[in-house]
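The values are calculated or read from the model by the stated rules, or taken from the named source; none is laboratory data. These figures come from a predicted structure and were not determined experimentally. Cβ sites come from the backbone with ideal geometry, for glycine too, and all protein chains shown count toward neighbours.
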Amino acid sequence: MLINNFFTITTLEQTDGVILSTIKIDASHQIFEGHFPNNPITPGVVQIQLVKELLEKTFNQTLFLKEIGRCKFLAILNPNENAEILIKIDFTKEDGMIKVTADGTSKEGSQTFFKFNARYERVININ
């Protein structure tokens, strides 16, 4: 889990089919020691994980990324330049799945870092 370590949630709101969240990335996190020293770039897989963790927090359940569709990384997400980002997740629930369209932008919305479509399913724990 990256929440409360790599990033913290500043705001998290859910309305009809939309989750809006502002998060703050920790530019001193060890991920950036290797990606890349003196030029931190948030890996794409980490950006996808941010969305998953926001969904899990909102729905209070563990999710599995079942399928990812169109996925584009449009700008470098450097936490020294954009420590706070806005993540918007449009979602629908169908047949036990959560279908999402997500994007991450600069806080003021002038720059888009990523966009993707995905389907998540709930993880069932059997004890």
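Side notes on the structure shown:
- Note on region 62-109: among residues that are crowded, with 16+ Cβ neighbours inside 10 Å and of a type in the set (Lys, Arg), the one that is nearest to the chain's Cα centre (by Cα) is LYS88.
- Breaking point among (1) charged (D, E, K, R); (2) in a strand (DSSP E or B); (3) more than 12 Å from the chain's Cα centre (by Cα), for GLU33: (2)
- Within region 29-61, the set of residues being of a type in the set (S, T, N, Q) and surrounded by fewer than 11 Cβ atoms within 10 Å (Cβ to Cβ) comprises GLN30, ASN38, ASN39, ASN60.
- Residue that is farthest from GLY109 (Cα to Cα), among those in region 1-14 that are more than 13 Å from the chain's Cα centre (by Cα) and modelled with pLDDT of 95 or more: GLN14
- Matching option when the condition is closer than 21 Å to THR10 by Cα, in a strand (DSSP E or B) and of a type in the set (Lys, Arg), among LYS52, LYS72, LYS93, LYS24: LYS24
Let's see how each residue does on (1) touching a residue at least 24 places away in the same chain (Cβ under 8 Å); (2) hydrophobic (A, V, I, L, M, F, W, C):
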| site | (1), (2) |
| --- | --- |
| LEU2 | yes, yes |
| THR8 | no, no |
| GLN14 | yes, no |
| ASP26 | yes, no |
| ILE31 | yes, yes |
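- The set of residues in region 81-109 that are among the acidic types (Asp, Glu) and without any contact (Cβ under 8 Å) to a residue 12 or more places away in the chain comprises GLU81, GLU94, ASP95, GLU108.
- A count restricted to region 110-127 and to residues that are loosely packed, with under 10 Cβ neighbours inside 10 Å and either in a strand (DSSP E or B) or without any contact (Cβ under 8 Å) to a residue 40 or more places away in the chain (or both) stands at 4.
- Filtered by the rule that a residue be touching a residue at least 60 places away in the same chain (Cβ under 8 Å) and under 11 Å from the mean Cα position of the chain (by Cα), region 36-61 gives GLY44, GLN47, ILE48, VAL51, LYS52, LEU55.
- In summary, ILE124 fulfils each of the numbered conditions (1) of a type in the set (A, V, I, L, M); (2) more than 13 Å from the chain's Cα centre (by Cα); (3) modelled with pLDDT of 95 or more with the single exception of condition (3).
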